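All remarks here apply to the structure that follows.
The values are calculated or read from the model by the stated rules, or taken from the named source; none is laboratory data. Note that the structure is a prediction, hence the values are computed from the model and not measured. Here the Cβ positions follow ideal geometry from the backbone for every residue, glycine too, while neighbour counts run over all protein chains shown.
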Amino acid sequence: MQTRPGKNYPLGANFDGEGTNFALFSSVATAVELCFFDDDDKETRIPVEECDAKVWHVYVPGVYPGQRYGYRVYGPWDPAHGQRCNPHKLLLDPYAKAIAGRVHDDETLYSYYFDDPSHGKLNIMDSAKSMPKAVVINPYFDWENDRKPETPLSDSIIYETHVRGITNLNPNVPGDLRGTYAGMAHPSVISYIKKLGVTAVELMPVHQFVQDSTLQKRGLANYWGYNTIGFFAPNANYASWGERGEQVAEFKSMVKAYHRAGIEIILDVVYNHTAEGNHNGPTLSFRGIDNAASYRLVQGDEAHYFDTTGTGNSLNMRYPNQLQMIVDSLRYWAHDMHVDGFRFDLAATLGRENGNFDKFSSFFDMVDTDPVLSHTKLIAEPWDTGENGYQVGGFPSNWSEWNGAYRDTARDFWRSQTSTLPVFASRITGSSDLYQHNGRKPQASINFITAHDGFTLTDLVSYNEKHNMANGEGNRDGDSNNRSWNCGTEGPTTITDVLDLRHRQRRNFLSTLMFSQGVPMLLGGDEMGRTQQGNNNAYCQDNAISWYNWDLDDDDRALLEFTRKIIKLRRDHPVFHRSRYFESRPAHDASSSPAQIEWFDHSGRIMDKSDWNKFYALSIMVFLNGHDLGEKDQLGNPKRDDDFLLIFNAYYEPIAFTLPDKQYGTKWRVEVDTYQPDAPAYTYDAGFTLTAQPYSFLLLHSLTPHDERKIAQKAAARLREARLNERAKAGLMNVSGDGQEGSEN
C-alpha cells in the first residue's frame, strides 16, 4: 500500500477528501504499525516511519471514512519503571472520533498471563480479535446554520438525564429509536423537555466506554458509563443506525434538534481516569502507547498506579501531551460537535498536577485561557476520593460547581434537623460563603437535591436506608449517609398520612430548589415521581430500575404539573435568579425602602442575631425585593420585578405567620402552597396572620404597585424617624461610633 510521510498535526485520523493522515503521540515508542481491518477482519499492517516531536505520522491515500484501524506500538516493556509497551496488543487511537465493536474481555487483552501472579512474563497472545477498532470519519455535516442558545448561566435550569433512561420505555418513541441519540432527539422527547421548562439537558456519559466484565458475570451492565476509553468518540451503543461513523452524525443531529428548540446540551465527561484500570487491567490504548505519560504512577513503585478516583488509575495531569489530549477533546466536542458545556466528573483530580489539588494548576489555566472552552459552561463535581478531595468552593472563578453543601443542608432542613437555619439561609441565597471570596457570583452554585448518584427524590422521602441488593454486592455498595427520611414507614405503603407527607415533601424540595439563588439542577424523572425502589447506586441497573416509567398515576401527574408551574415562575421572575449576590445593609438603616432581602420570624418581625442562634428554629419568612435587583439588562436599563415572600416551615406543627407591614406590600397572593397545591390563589393584606401547615412551603406574590409601595415606605420612614427623635429627646438613645444603635439605659 502506497504511503506518504504525512504530518504530525493534528493528532488522530483526519480525512481530507483523497486520503487520511494518521498521527499518534508516544514518547517511548521505538516503532509503530498502523493496522487496517477489512470487513472480514483481515489485518493489514503499515509501518509508520516518520516521527517528529514524538508524534508518529503517515498519510495513506485512498483511505476513506468507515475504514477501521488500530495501532501496535513497539517499545520498552518494563512495568517496574512504568513502561508497558506490547506490540501483541492492538491499541485504540486515543484521538479516535468513532469506535466500532466492543471489548471482549479475555486473556488476550492483558500483558500478563492469568496463571502468572507475578506478571513477570510478557503475554504474547494477540488481542486484535477481542478489540474494538477505531474508525475514520467524514468530518462534513450540514449544521444548517445551527446556533448555540447561549443561555446565561444565571437564567439556566439544568436537567440531568440519560440517553437510554429517558427513552427506553417511552411509548411515544418508536421502538427502534429507544435508547439512542435519535430517540433522544425524537420530537416527543424534545417537546416534553421543552414543556417542562428547563433550558439545558445534561447527558450522563456519552463517550465510548467499556463494559465491566465483573458486572456482566452477574448479569448486570455498566449503565452510567463512567468508564471511558474514547474521549473523542460518541458511544456507538447509543446509535440507531451504524457504528462506522454514523454515530457521529446521529449525535450531531441530536444536538442540532435541541438547539433548534432553544435547549442546550451539556456533557458529563470523565477525564480523571480510563477504562484500563489498575496494574491488573487490560491493555486497550494509553497503557500500551505511553503508560508513564498517560497515568500517575506511585513514586518509587512505578508498577502501580496512584489512584484518586476509586477506579484503579488517574490520568497524569502534569504531562503536557496528556493535558493537550484532554483540551483537544473538549475543544472538539465544543467546536465540531456543538455542545454547550461540560460537567467534569471527579474534577478535583483534574487539579492534582503535583499531587494536591490546586486551582492554579495547568489544566485550569489551559481551559480558562482557551478562546473556545472559556466561553462554554464549565461545571465541576468538586471532589474525588483522594486526600483532601472535597473542594466545594475551591475552583477557579470561571467555573461553577455541584454544590454538595446545598444538597446536604436542604435535606437536613426538611427533615427537621436542628441548627440548620443559618446555613439553610446561606444556601438558598447562592452560598456566598463558598463562592463570593474569589469574585464568583450566585451562578457558581449548581444547586441540587438529588442527582444520578444517590436516591431519586421519591426515594429520598420514602427510605431511611439504601436497598441495593439488586447490585449483587450484599448491599455494601452505595452511601449509607443519605440524609433521607421515609416520613414514617420504610418503602412502599398505603398509609394515607405517610403518602400525603411524602408528596408534600417532594413539593417542598422542588420549591426550595426552584426558588433558591444559583442554578437549579433537576434529576430527570424526579418531576414525575421516578423511583429506583430504594437503590441509591444504580450504576449497574440498565433496566426498569433506572429507566423512566411513563405510566404515571394521578399523584405523579400532579407532581409533573406542579414542577412545570414552579419552573415557569422561576423563569418569569428574575428575582429568583439574580446574577449578583444580595447587598447587605447596615443595621437600623433608616432608608425608606426595604433591603434587597429581608428575613422575618413568624411574628413578622425582622430577625436579629438571637433569632438566628436558636438551635430549634425551623421556620422563616423571606422577603425578596424585585424592585431593587441591583442589575441592568442588556440595554443598560435597571432590571425590575415583583416582590415575593417565601415562607418555610420544617416544623411538625402548624405555625402562624404574620405578614410584614405595608412598606413591604399591601396585598399578597399565594402562588404556591405545598400543603394545598390545588387550592385557589388566596389573597391577603399586609399584617394578616396566615397558617403555614407542618412541613410546608408558601410563595406569596406582591400585588402592590411600586408607586403605592413607595408611599407606604415613605410613611413608614417618617414614623420611624419620629420615634427615633422622641427616644433621643427622652435621653434613651446612645449612638455608637460605628453608626449602630446602642443599648438602652
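Observations on the model:
- Pick from the stretch 161-190, criterion of a type in the set (S, T, N, Q) and more than 17 Å from Leu522 (Cα to Cα), ranking: surrounded by the most Cβ atoms within 10 Å (Cβ to Cβ): Thr167
- Residue within the stretch 370-377 that is surrounded by fewer than 23 Cβ atoms within 10 Å (Cβ to Cβ), over 21 Å from the mean Cα position of the chain (by Cα) and among the hydroxyl-bearing types (Ser, Thr, Tyr) present: no
- Qualifying residue in the stretch 448-456 (condition: touching a His at 6+ places or on another chain (Cβ under 8 Å), of a type outside the set (Phe, Trp, Tyr) and in contact (Cβ under 8 Å) with a residue 60 or more places away in the chain): yes
- Selection count where residues are among the acidic types (Asp, Glu) and closer than 27 Å to Glu264 by Cα, scope the stretch 342-362: 1
- Members of the stretch 116-140 found to be closer than 28 Å to Glu18 by Cβ and touching a Ser or Thr at 6+ places or on another chain (Cβ under 7 Å), listed by number: Val136
Residue-wise test of (1) β-branched (Val, Ile, Thr); (2) touching a residue at least 12 places away in the same chain (Cβ under 8 Å); (3) within 23 Å of Leu569 (Cβ to Cβ).
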residue: Ala617; (1), (2), (3): no, yes, no
residue: Leu629; (1), (2), (3): no, yes, yes
residue: Arg640; (1), (2), (3): no, yes, yes
residue: Asn649; (1), (2), (3): no, yes, yes
residue: Tyr652; (1), (2), (3): no, yes, no
residue: Pro660; (1), (2), (3): no, yes, yes
residue: Gly665; (1), (2), (3): no, yes, yes
residue: Trp668; (1), (2), (3): no, yes, yes
residue: Val672; (1), (2), (3): yes, yes, yes
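- Annotation note: Cβ proximity below 7 Å between a residue of the stretch 553-577 that is in contact (Cβ under 8 Å) with a residue 40 or more places away in the chain and closer than 18 Å to Ile193 by Cβ and a residue that is surrounded by 15 or more Cβ atoms within 10 Å (Cβ to Cβ) and among the aromatic types (Phe, Trp, Tyr) (sequence gap 6+ or interchain) occurs for Arg570/Phe515; Arg570/Phe576.
- When residues of the stretch 483-522 are limited to those that are assigned to a loop (DSSP other than H, G, I, E, B) and in contact (Cβ under 8 Å) with a residue 60 or more places away in the chain, the one nearest to the chain's Cα centre (by Cα): Gly518
- When each of Ser619, Ser610, Ser591, Ser603 is tested for being modelled with pLDDT of 95 or more, loosely packed, with under 14 Cβ neighbours inside 10 Å and among the small types (Gly, Ala, Ser), the lone residue that passes is Ser603.
- Residues of the stretch 273-293 that are touching a Leu at 6+ places or on another chain (Cβ under 7 Å) and not β-branched (Val, Ile, Thr): His273, Ala275, Glu276, Pro282, Leu284, Ser285, Gly288.
- For the stretch 491-543, a residue qualifies if it is over 25 Å from Gln676 (Cα atoms) and hydroxyl-bearing (Ser, Thr, Tyr), and exactly one does: Tyr539.
- The residue that is nearest to Ile428 (Cα to Cα), among those in the stretch 464-482 that are free of Cβ contacts under 8 Å to residues at least 24 places away in the same chain and part of a loop (DSSP other than H, G, I, E, B), is Asn481.
- Test: residue in the stretch 387-406 that is modelled with pLDDT of 95 or more, out of contact with any strand residue (DSSP E or B) (no Cβ under 9 Å at 6 or more places or on another chain) and over 25 Å from Gly518 (Cα atoms): yes
- If you go through the stretch 1-17 and keep only what is in contact with a helix residue (DSSP H, G or I) (Cβ under 9 Å, 6 or more places away or on another chain) and surrounded by fewer than 18 Cβ atoms within 10 Å (Cβ to Cβ), you end up with just Pro10.
- Residue under evaluation Asp126, criteria (1) exposed (fewer than 15 other Cβ atoms within 10 Å of the Cβ); (2) in a loop (DSSP other than H, G, I, E, B); (3) more than 29 Å from the chain's Cα centre (by Cα), criterion not met: (1)
- Asp453 being among the acidic types (Asp, Glu) and outside any helix (DSSP H, G or I): yes
- Residue among Ser431, Ser462 that is in contact with a Phe, Trp or Tyr (Cβ under 9 Å, 6 or more places away or on another chain) and closer than 22 Å to Arg557 by Cβ: Ser462
- Evaluating Thr20 against the criteria (1) among the β-branched types (Val, Ile, Thr); (2) surrounded by 14 or more Cβ atoms within 10 Å (Cβ to Cβ); (3) farther than 17 Å from Ile99 by Cα leaves one unmet condition, (3).
- Considering the stretch 131-229, the qualifying strands (runs of 3 or more DSSP E), each wholly inside and each with 1 or more residues that are over 30 Å from Gln67 (Cβ atoms), run over 158-161, 200-203.
Conditions (1) of a type outside the set (Val, Ile, Thr); (2) surrounded by fewer than 19 Cβ atoms within 10 Å (Cβ to Cβ); (3) at pLDDT 95 or above, marked per residue:
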site	(1), (2), (3)
Pro638	yes, yes, no
Leu659	yes, no, yes
Trp668	yes, no, yes
Thr674	no, no, yes
Gly687	yes, yes, yes
Leu690	yes, yes, yes
Leu699	yes, no, yes
Arg727	yes, yes, no
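- Inter-residue pairs, beta-carbon under 8 Å, first within 18 Å of Pro654 (Cα to Cα) and of a type in the set (Val, Ile, Thr) and in the stretch 688-708, second at pLDDT 95 or above and in a strand (DSSP E or B), 6+ apart: Thr689/Ala656; Thr689/Phe657; Thr689/Thr658; Thr691/Ile655; Thr691/Ala656; Thr691/Phe657
- Counting only residues that are surrounded by 20 or more Cβ atoms within 10 Å (Cβ to Cβ) and of a type in the set (Phe, Trp, Tyr), the stretch 23-48 holds 2 of them.
- Residues within the stretch 230-246 that are outside any strand (DSSP E or B), among the aromatic types (Phe, Trp, Tyr) and buried (at least 18 other Cβ atoms within 10 Å of the Cβ), tallied: 1
- Of the helices (runs of 4 or more DSSP H) lying entirely inside the stretch 312-417, the ones with 2 or more residues being aliphatic (A, V, I, L, M), on the phi < 0 side of the Ramachandran plot and in contact (Cβ under 8 Å) with a residue 60 or more places away in the chain are found at 320-331.
- Selected residue (criterion: surrounded by the most Cβ atoms within 10 Å (Cβ to Cβ)) from residues of the stretch 55-103 that are of a type in the set (Phe, Trp, Tyr) and either touching a residue at least 60 places away in the same chain (Cβ under 8 Å) or in a loop (DSSP other than H, G, I, E, B) (or both): Tyr71
- The stretch 621-672, residues that are among the hydroxyl-bearing types (Ser, Thr, Tyr) and outside any loop (DSSP other than H, G, I, E, B): Thr658, Tyr664
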